[in-house]
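Worksheet: one structure, shown below.
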Amino acid sequence: MPPETIPPYRPEVLPPDLNHLNSPDPDRIQVTWIGHATFLIQIAGLNILTDPMFSKRASPFSFVGPKRRVPPGVPLEDLPRIDAVIITHNHYDHLDYATVKNLGSRPRFLVPLGLAAWFEKAGLHNVVELDWWHSADLGPLRFHCVPAQHFSSRSLLDRDANLWSCWVVETPAGRIFFSGDTGYGPDFQEIGTRFGPLRLSLLPIGGYMPRWFMRSMHVNPEEAVRIHQDLRSQQSIGMHWGTFQLTDEPLGEPPLFLRQALRQAGIPEEEFVVMKIGETRAWP
């Protein structure tokens, strides 16, 4: 699709359905997109946040750095009680100090190997640190830390000092995959073999240009569709687009290229969707 055919980005934002957020059906997987890689997942009476980022900038500074283009779909103060928080890696758009400090010590933070010390230093001690292919339980749920093709850093001096990951959450209603950031590689076929078919997958579709630089660390929509296939995902949702301008592609481009990739792969569009910010959907 030529760039001139991409319309200006106008984010679609819905007011949060607080009735549904505060009284979800415990037998269904209920998902609300808050923006970027942040989702509220509700299942079996538990509330899970993924890579929570509610601040105005994805930056170590409040006055400079990538600025949020649209407010969070659910204000932090309107969230229901949070029981678990999944962290994939420590980049500023996925691990935000102000947000996790506001969440406090009640939720259990599930983090990749080497990241627990950061939380301890922040005064948060309810942390479970896992290596790839290791697991931890919380009530009826089991959280599996699985590989990603990415890297970690929060400064110029700590590159790859701790691990990065994706996550699989086993629930009574099926397995949920949450990707975080990743390039495409053979790990997804192995994850699909071990855990597939996935009932629901949350997959990145933005952050892919320029391709020569981003290919090894961020998938494009075509590669996200390949992950969807590798995981044998029954339903996927596109994320990591439309909230922060972090890379060179137009902010509203990823969903357009996703539709193209789905058509080329012969996959119905309703099998891999994008949500409006603040939107809530549920699956049996």
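Largest first and in whole Å, what are the equivalent-ellipsoid semi-axes of the stretch 65-150 based on the Cα gyration tensor, each being the root of 5 times an eigenvalue? Write down the numbers at each step before the final one.
Details: eigenvalues 94, 55, 37 Å².
So the three semi-axes of the stretch 65-150 are 22, 17, 14 Å.
Taking amide hydrogens as placed 1.01 Å from N in the peptide plane, the amide H of ARG28 sits under 5 Å from those of ALA44, each at least 5 positions away in sequence or on another chain. The order of the peptides 167-176, 62-71, 238-247 by mean Cβ neighbours within 10 Å, most packed first, is 238-247, 167-176, 62-71. When the helices of the chain are scored as -39500 (n - 2.57) per DSSP H run of n ≥ 4 and the total is divided over every residue, the value at 222 nm lands at -5000 deg cm²/dmol.
Beta bridges from DSSP with both residues in the stretch 87-225: antiparallel share about 65 percent, rounded to the nearest 5.
Counting residues in the chain as N, plug N into 2.2 N^0.38 Å and put the Cα Rg over that result. It would help to have the intermediate numbers written out before the result.
Values: Rg = 17.4 Å, N = 284, 2.2 N^0.38 = 18.8 Å.
Against the empirical 2.2 N^0.38 Å value, I get 0.92 for the chain.
Computed over neighbours whose Cβ is under 12 Å from that of LEU18, the net charge equals -3, Lys and Arg +1, Asp and Glu -1. The equivalent ellipsoid of the stretch 198-251 has semi-axes of 21, 13, 6 Å, largest first, where each one is the square root of 5 times an eigenvalue of the Cα gyration tensor. Of all DSSP beta bridges confined to the chain, the antiparallel ones make up roughly 55%.
Here the stretch 161-224 is assigned +1 on the Cβ of each Lys and Arg and -1 on the Cβ of each Asp and Glu. Its dipole about the Cα centre then comes out at about 60 debye. Rounded to a whole number of µm²/s, how large is the Stokes-Einstein D of the stretch 46-89 at 20 °C and 1.002 mPa s, given Rh as the Kirkwood radius over C-alpha pairs? D = 179 µm²/s. Remark: the stretch 4-74 carries a charge dipole of roughly 440 debye about the Cα centre, counting +1 on each Lys and Arg Cβ and -1 on each Asp and Glu Cβ. Counting only lysines at least 8 places from LYS67 when in the same chain, those with an alpha carbon closer than 18 Å to its own are LYS56.
Place a +1 charge on the Cβ of each Lys and Arg in the chain and a -1 charge on the Cβ of each Asp and Glu, then give the dipole magnitude about the Cα centre in debye, rounded to the nearest 20. Mind showing how you got there, number by number?
On the way: 26 positive and 31 negative charges, 72 e Å.
Charge dipole of the chain: 340 debye, to the nearest 20.
Under the membrane-span-like helix rule (DSSP H runs whose alpha carbons stretch at least 15 Å along the helix axis, mean Kyte-Doolittle hydropathy -0.5 or higher), the chain yields 253-265.
Read the figures in this text as sums done on the coordinates, not as results from a lab. For clarity, every value in this text was computed on a predicted model and none was experimentally measured. Cβ coordinates were reconstructed from backbone atoms using ideal geometry, including for glycine residues, and neighbour counts include every protein chain displayed.
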